[in-house]
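Everything on this sheet refers to the single structure shown next.
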Amino acid sequence: MSAPDGSPVGAERSIGKLFATATTEMSALVHDEIALAKAQLKRDIRRGAVGSAALVAAGAVALFSLPMLNFALAYGIRTWSNWNLALCFLLSFVANMLLAGLLALIGVAIWKKTKKSRGPQMVATSMKETAGVLQAAKPHPRQPQQDHPAIEAVARSSS
C-alpha cells in the first residue's frame, strides 16, 4: 500500500512532498466543488425552462382555444339548457379562463421552486468553510532533537 505520491505508507515524506500532495488534493477539491456548482446550475436552469414552458403553454391555451372552445361550449350549453346564447358564450369563456389559470398556477409554482433552490449558495458556503479551515491551519511544530538520542549520537559520532 502506498500514499498518493507513491511513497510507502508509514515512510517519512519531506515537507516538499507533503506540500505538493496537499496542493494537488486542494486543487482536486476546488475542481470538484466547481463541477458540483455547474451541475446544480444546470438543474436549476432546466427547472426554470420547464416552468417557463408551462407559462407559455398557459398563454397559448388561453389564446388559441378561446374561439373554437367558446363556440362549441356555448352552443352545447344552449342545446342542453335553452338559455340565452350570450349567457352561454360567457360561461364558455369562464371555463377557458379557469383552465388557463390552472396552467399558469402550475407554471408559477415550478418557477418559484427554481428560484428557491440554494444549490450554488451551498457550494459557495462549503468552499468558504474549506478556505477558512486551511487559513487557520498551522504547521505541526518540529520536535526538539533531544527526544531522539539515537539521531543525536549518530550526528556526534560522525563529526
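The values are calculated or read from the model by the stated rules, or taken from the named source; none is laboratory data. Worth saying up front: this structure is predicted, and the values here are computed from it rather than measured. Glycine gets a Cβ as well: all are built from the backbone with ideal geometry, and neighbour counts include every protein chain shown.
Tabulated data for the structure shown
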{"quantity": "Unmet criterion (only one of (1) within 35 Å of the chain's Cα centre (by Cα); (2) assigned to a loop (DSSP other than H, G, I, E, B)) for R43", "calculated": "(2)"}
{"quantity": "When residues of region 51-88 are limited to those that are loosely packed, with under 13 Cβ neighbours inside 10 Å and β-branched (V, I, T), the one farthest from I106 (Cα to Cα)", "calculated": "T79"}
{"quantity": "Test for I45: is it over 27 Å from K115 (Cα atoms), surrounded by fewer than 12 Cβ atoms within 10 Å (Cβ to Cβ), modelled with pLDDT of 85 or more and among the aliphatic types (A, V, I, L, M)", "calculated": "no"}
{"quantity": "Output for region 85-122, where each listed residue is farther than 20 Å from A58 by Cβ, over 20 Å from the mean Cα position of the chain (by Cα) and small (G, A, S)", "calculated": "A86"}
{"quantity": "Any hit, region 56-73, residues being assigned to a helix (DSSP H, G or I), hydroxyl-bearing (S, T, Y) and free of Cβ contacts under 8 Å to residues at least 12 places away in the same chain", "calculated": "no"}
{"quantity": "All positions within region 14-40 that are among the β-branched types (V, I, T) and either in contact with a helix residue (DSSP H, G or I) (Cβ under 6 Å, 6 or more places away or on another chain) or outside any helix (DSSP H, G or I) (or both)", "calculated": "none"}
